[in-house]
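Novice: Before we start, here is the structure in question, set down as structure tokens.
The values are calculated or read from the model by the stated rules, or taken from the named source; none is laboratory data. The model shown is predicted, which means the values in this text are computed figures rather than measured ones. FYI the Cβ positions are ideal-geometry reconstructions off the backbone, even for glycines, and counts take in every protein chain you see. Surface areas here come from the heavy atoms of the whole protein model, side chains and all, with no ligands, DNA or RNA. Shrake-Rupley method; radii C 1.70, N 1.55, O 1.52, S 1.80 Å.
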Amino acid sequence: MKIAIISDIHANLEALTKVLADIKSRGIDKIYCLGDIIAKGTHQQECVDLVRANCEVVIKGNCEDYYTSGVDLTSNDEQVIYNYKWVSDKLNDETKAYLKSLPLCHEFYLSGRLVRLIHAHPADPCGIVANIDSFNKYYELVLPSNNTISQAKADVLIYGHIHTPYVQKMYNRYIINAGSVGNAIDVFRNEEKDGNILNTTVANYLILTGNLDSKDISDPFSFELVSIAYDIDKELKTYTDNYKLDLYISELKEGKYRDQVKIDNSLIERGINIDEA
Ligand SMILES: [Mn+2]
């Protein structure tokens, strides 16, 4: 049994289409989604429709929560209101009700391992645990909470949210970040025709292999993190009305995240030289 885990599509139809085609070409049995299907990109409704048609399990991300929560538009600044409407106006009412109804967690056994899927943090749907965090911070991820299905520690904890694929082994447990389909901070060096070297982002997803619903630890278990290039220019062509378009272009094309200053500061606080990071 092979299960593909996709996350953080962020309304990027070109990236999602490419990832779904790659999943199909590998003969993968099931696709599960970790949320943040919407926001940032233009193709809100199209991406939700594709996820619903292809994914057996879908959990709620912070964006599904935010854009279906009925934010008080009278008390917010103009930019917040514009952004909120820009996203939510692209979704029909039935889709909004669907997104609002999504669960925060999904669990299953795969080859004797308890696999737990969450979007961000087991106790805080907006909490951030980064790939450069401390061992204590990682440990929070495997713990249960009021939001988890069971009260056991996860043997394999899978999440999205930070848009950065990585694997951390903690004693006999795994923490895996599936990265992001549509807004990855996963960059490869790309030599352009004029000789300049540019950073280009890719689409990420995760493949799990094992026996579904088996509690036998002797069954084989493996996983694979996939990075795949897609046509970023084709996606961006449709983005003429995008909220903060220039920032979005540099995120997709160069991996320069709009929160880069925050990320850089958190690296500096940890004593990491950002020029060498
Ligand atoms: Mn996200």
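Novice: Identify all residues within the stretch 35-59 that are open to solvent by 30 Å² or more (accessible area, probe 1.4 Å) and either within 13 Å of the chain's Cα centre (by Cα) or within 16 Å of the ligand (Cβ to nearest atom) (or both); write none if there are none.
Specialist: Answer for the stretch 35-59, where residues must be open to solvent by 30 Å² or more (accessible area, probe 1.4 Å) and either within 13 Å of the chain's Cα centre (by Cα) or within 16 Å of the ligand (Cβ to nearest atom) (or both): just K40.
Novice: To continue, here is another question. Could you go through the stretch 72-85 and let me know if any residue there is at pLDDT 95 or above and more than 16 Å from the ligand (Cβ to nearest atom). Walk me through how you get there before you give the answer.
Specialist: Initial filter on the stretch 72-85 (at pLDDT 95 or above): none.
Looking for residues that are at pLDDT 95 or above and more than 16 Å from the ligand (Cβ to nearest atom), one finds none in the stretch 72-85, hence no.
Novice: For the stretch 110-137, give me the residue count where each residue is open to solvent by less than 10 Å² (accessible area, probe 1.4 Å) and either of a type in the set (S, T, Y) or touching a Cys at 6+ places or on another chain (Cβ under 8 Å) (or both).
Specialist: Going through the stretch 110-137 one residue at a time, the tally reaches 6.
Novice: Show the residue pairs that are 6+ apart or on different chains and have beta-carbon atoms under 9 Å apart, the first residue being within the stretch 177-188 and touching a residue at least 12 places away in the same chain (Cβ under 8 Å), the second being outside any loop (DSSP other than H, G, I, E, B) and among the charged types (D, E, K, R).
Specialist: Qualifying pairs under 9 Å: V181/K18; G182/E14; G182/E235; N183/E251; I185/E251; V187/E254.
Novice: Pull up the stretch 237-260, narrow it to residues that are basic (K, R) and at pLDDT 80 or above, then point me to the one that is surrounded by the most Cβ atoms within 10 Å (Cβ to Cβ). Walk me through it before giving the result.
Specialist: Of the stretch 237-260, the ones basic (K, R) are 237, 244, 253, 256, 258.
In the following step, the residues that additionally are at pLDDT 80 or above were identified as 237, 253.
On the way: K237: 10, K253: 16.
My answer is K253.
Novice: Here's something else I'd like to know. So, in the stretch 162-184, how many residues would count as being part of a strand (DSSP E or B) and either among the hydrophobic types (A, V, I, L, M, F, W, C) or farther than 17 Å from R116 by Cα (or both)?
Specialist: Quick first cut of the stretch 162-184, residues part of a strand (DSSP E or B) only: 166-170, 173-177.
Remaining after also requiring either among the hydrophobic types (A, V, I, L, M, F, W, C) or farther than 17 Å from R116 by Cα (or both): 167, 170, 175-176.
Residues flagged as part of a strand (DSSP E or B) and either among the hydrophobic types (A, V, I, L, M, F, W, C) or farther than 17 Å from R116 by Cα (or both) within the stretch 162-184 amount to 4.
Novice: Next question, about the same structure. Select, from E94, E107, the only residue that is of a type in the set (D, E) and in contact with a Ser or Thr (Cβ under 7 Å, 6 or more places away or on another chain). Explain how you work it out, then say what you get.
Specialist: On the way: E94 fails: in contact with a Ser or Thr (Cβ under 7 Å, 6 or more places away or on another chain).
The match here is E107.
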